[in-house]
1. Taking every pair of alpha-carbon atoms in chain A, give the share separated by more than 16 Å as a whole percent.
2. If you take every residue apart from residue B:96 with its C-beta less than 15 Å away from the C-beta of residue B:96, what net charge results, scoring Lys and Arg +1 and Asp and Glu -1?
3. What's the Kirkwood radius of the stretch B:24-115 in Å, using all Cα pairs?
4. Compare A:54, A:36, A:44 in a GNM of chain A, Cα atoms joined below 10 Å, and give the one with the largest fluctuation.
5. Hey, rough spin-label estimate for residue A:84 and residue B:46, points 7 angstrom out along Cα→Cβ, what's it come to in nanometres?
6. Report the charge-dipole magnitude of chain B in Debye, nearest 20, computed about the Cα centre from +1 at each Lys and Arg Cβ and -1 at each Asp and Glu Cβ.
7. Add +1 for every Lys or Arg and -1 for every Asp or Glu among the other residues with Cβ under 13 Å from the Cβ of residue B:87, and state the total.
8. Counting only Cα atoms, I'd like the Rg/Rh figure for chain B, Kirkwood definition for Rh.
Amino acid sequence: MDPVLRRVIEIVTQVAGPGRTPAEVGPSTPLAGGGFWLDSMELFEVILACEAAFGPVFGGLDEDAARILHTAGSLATAIRAGTQARPDA
Amino acid sequence: MAALPPLLGALRRMPGGPARGALILVGFLQAFLDRACWGRARAWAAAHATGPGDRRRLLVRLLANRGRFLATALGIGTPDPESFRRLVVLEGRDRLDALARRGGVMLLGFHLGPGGTPAKLGLAGYPVTTAGAGLRFRVPARSYAWVGGARGPAIDWSDAPSRAAGLHRLGEVLRHGGIVSLTADSREDGRLAFELPLPGRTLRVRAGWFVLRRQTGTPTLPVLTSEIGRRSVVTIHPPLPDPDPDLERDRAACREALAPILRDYVRRFPEHCLSLALWPDEETRP
C-alpha cells in the first residue's frame, strides 16, 4: 500500500477508534457516513493530524472540502498533490 | 419564511422608519399566528416578569424585537454605514485592542440581542472573519450590500467536511493574527461542548469554537450586543481562561466564566433573548 495512504488510514483509524473502524479499510472507505462516521470536529482532528505528519499540505481545502474529505483515498491524493506543490518539494 | 425575501426587498425601498415598523408588525403577527411560537413566548414572559401587566409588556417587547433585530442586522432603517456607525457603542474595546496587538483573537457571540455584530465591529475598524451556515433565507443583495461589505470575510459551511475545512481556515486566520467571530450556540453543529443552565432555559453551547480555541490557544472574548433605543451596545467581555491541557477542567473553566455573563444578560434583557425564548427544542426544529 502507498505510504501516504497507509499513514492517512492510521490517522483516521486512531481518530475514529476501534468501535467505528470498518472491518475492511481501503482507499474507497468514506471518512464520514457509511465508513468511519467522523463528524465535523473529528474531520478537523484528522486534518490537523495529517498536517502534523505531512506538513502544510491543505492550501485551498475550504474550496474543495467535500471531495478531499470524502474517502481515505481522496484525502491521500490531496496530500500527495499538496506535498508536490510545496516550494520545498 | 418563503415570503421574507420579497418582503425585505419591498421594505428596503420604503423610508427607514416605516420599513422597520412594518417588519416589526410582520414579526409580531407571524408569532401570533404560530401557536407553538406564541406559547413559548408567553411561557418566557411568565418566567421573567411578575404581574400580568409586566408579562404583557415583556411579551410585546420580545416579539417586536424579532422584526427590530432583523431590520438592524440587515441595515433596514440605516441606509448607509455612517448612520449605522453613529448608533453603535463599543464597550470593552481596550480588551480587544490589547489582545489584537499580540496576535489572533476569537470573539465568541451568541444568538442573543440584535445581530450584525461583526458588521458593527467592521465599521468600528476591526476586520472580523465570520463563519457559519449563514442566513436561513436569501435576502436580495442590494438590501444588505453595505452591511455585508462592512462585515468582512465570511466562511460559509453547510456540512461536516465544509465545517472541518472552515475551522482549519479560521485556524490559519488566527495564526496570522486575525480576528475571528464564531457563535457558540448555533444549531447546525451537533456536537456539544457543554450545557449552561440560564434563567428560563438551558443554553446548549457548541463545540466548534471550543475545539478551535484549544487547538490554537487563541485568547477568546465573549461578546454580547444589546439594543437600547436605536443604539446597539456591543460589549466585549474579559477573555475566557487560557486553555487547560485537561479537557474536562477546561470545559468547566469556560462554563464557569460564561455563566455569570450570560445570566446577567438574560436577567437584564429578557426581551432580547429570542433564541432562548422562541426557538423550539432542537428535536422539533424544522
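The values are calculated or read from the model by the stated rules, or taken from the named source; none is laboratory data. Quick caveat: nothing in here was measured; it's all calculated off a predicted structure. Positions of Cβ are backbone-derived with ideal geometry, glycine not excepted, and every protein chain shown enters the neighbour counts. Heavy atoms of the whole protein, side chains included, go into the accessibility calculation; ligands, DNA and RNA do not. Shrake-Rupley method; radii C 1.70, N 1.55, O 1.52, S 1.80 Å.
1. 47 percent
2. +2
3. After inverting the mean inverse Cα-Cα distance, the result is 15.9 Å.
4. Answer for the Gaussian network model of chain A: A:44.
5. Roughly 6.7 nm, to one decimal.
6. Around 900 debye, computed over chain B.
7. Once all neighbours under 13 Å are counted, the net charge is +4.
8. Radius of gyration over Kirkwood radius for chain B works out to 0.95.
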